[in-house]
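Here is the structure we will look at.
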Amino acid sequence: MTFALRAMGAATSLGAVVQAAAAARAGIVRASELAQSTCIDEVTHERVALVGHTAGPLTEGFEGIGRLVQLAIATLEDLEASAHGTWWGQLDVFLCLPRSLGQGTNPPRDSTDVAQLLASRLQAEARFIPAPASLHLFQEERGGTIHALEKAMALLSERRCDQALVLACDSLVSPERIEAQLDARRLKTPDHPVGYMPGEGAVALLLERRDPARERAAPPVAYLFKPTTAQEPRSLDAKAPPTGHALEEVLATALARAAATSIPEGSLYLDLNGEEFRAREWGQTLLRARDICRVGDWQPVIPAMSFGEVGTVSPLVSVCLAARAFARGYGRGRHALILVSGDDGHRAALLLERGPLLQRPLTVIAEGVQ
């Protein structure tokens, strides 16, 4: 079963949805030194600034909840610009946040309490969004974002809501998050090149049930299939590297869904960020999958090269990039496949299909889609 993606909004280091997708395609990167976060270069024995992907003036001077609120409000404003006039019926909101919200506060606070406070701030300040009937909170990093999509699709299918707004926010560039990542040796530093650059951002998706009448009046951006999920027994903390079994499972299932509707080819959005364990797992997956599916027919895309590691937001960033690739006509095939790898072993695949307006010849698309 598929669901209509009605509108999108984002706030990233490269700007809102339209600007960010165009900049990423052009290879533009806005990584900069994080003045408040430094490490010791073991070669020169000097203290050097770490490099990350921040949202620039949007979050400059903000920390903690304030930083996430800034990202979320800008994202909802971007969403409203494309969703204007499409709000109807009962709206449920699904808010996806990182686990460690309470870290760095003085005194330390319970993460759930901080998340509830953030949700209250958003409801008070985002008055241009209709008041939601229910607010669902998820704090499980990437896995939580996938669970939010699953829950939203379930409620839409059961007609317990008419529209679902899935909003994910995360920032890995705050000093308290940086310190924990440095201690775990996960960041890219002068003496540790196999790490990631921290980033920050927020993305919002507005989902609906498929309705032929509504689609004739205003075709959706794209269609989103229900996520395919599996559990990798070897998580990030395991002594041995992941086997690739779980990623192979979700990949094969998603490719089979794509093959059922068209020639199975398109763009493949990979959850690689520079860390060795992710690269090893993808290598193992390629070896296992080559006999059961033609992964080589799919064009690989690595969003972290443009936005850095954005944690909870990562799956939705890929959805936005894929949908914009369809809208601008450079997306390969009819589908985009998004792979998601959580630190806790959660694995998922999201399949995105072109919207009905984008099935027309490219010459027509260029005149009608911005």
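The values are calculated or read from the model by the stated rules, or taken from the named source; none is laboratory data. Keep in mind that what you see is a predicted model, and the values were worked out from it rather than measured. All Cβ positions, glycine included, derive from the backbone under ideal geometry; neighbour counts span all protein chains shown. SASA here: full protein model, heavy atoms, side chains in, ligands and nucleic acids out. Shrake-Rupley method; radii C 1.70, N 1.55, O 1.52, S 1.80 Å.
Below, the figures for the structure above:
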item: Whether region 283-358 is rounded, prolate or oblate, judged on the alpha carbon gyration tensor where a/c under 1.5 counts as rounded; result: oblate
item: Nearest-20 debye value, region 1-135 charge dipole, Cβ charges on Lys, Arg, Asp, Glu; result: 320
item: Contour excess over end-to-end distance, with Cα ends at residue 150 and residue 38 and 0.36 nm allotted per residue; result: 36.4 nm
item: DSSP beta bridge pairing in the chain, given as percent antiparallel to the nearest 5; result: 65
item: GNM top mover of 234, 347, 278 - the chain, alpha-carbon springs below 10 Å; result: 234
item: Cα centre as origin, Lys/Arg/Asp/Glu Cβ charges: region 64-163 dipole, Debye; result: 160
item: Rough spin-label spacing in nm, given labels placed 7 Å along Cα→Cβ, for residue 217 and residue 77; result: 2.9
item: Ranked order, 265, 63, 248 - accessible area, probe 1.4 Å, largest first; result: 63, 265, 248
item: Along principal axes, Cα extents of region 1-125, largest first, whole Å; result: 60, 43, 31
item: Gained length - residue 292 relative to residue 127, 0.36 nm times residue gap less alpha-carbon distance; result: 54.4 nm
item: Sites residue 26 and residue 113, calculated FRET efficiency, Cβ-Cβ separation with R0 45 Å, nearest 0.05; result: 0.60
item: Computed FRET value (nearest 0.05) for residue 210 with residue 49, which takes r as the C-beta separation and R₀ as 56 Å; result: 0.70
item: Long-range Cα-Cα pairs in the chain (distance over 33 Å), rounded percent; result: 26
item: Dipole of the chain [Lys/Arg +1, Asp/Glu -1 at C-beta], most positive-end residue of 206, 15, 135; result: 206
item: Net charge, residue 295 excluded, C-beta distance under 13 Å - Lys, Arg +1, Asp, Glu -1; result: -1
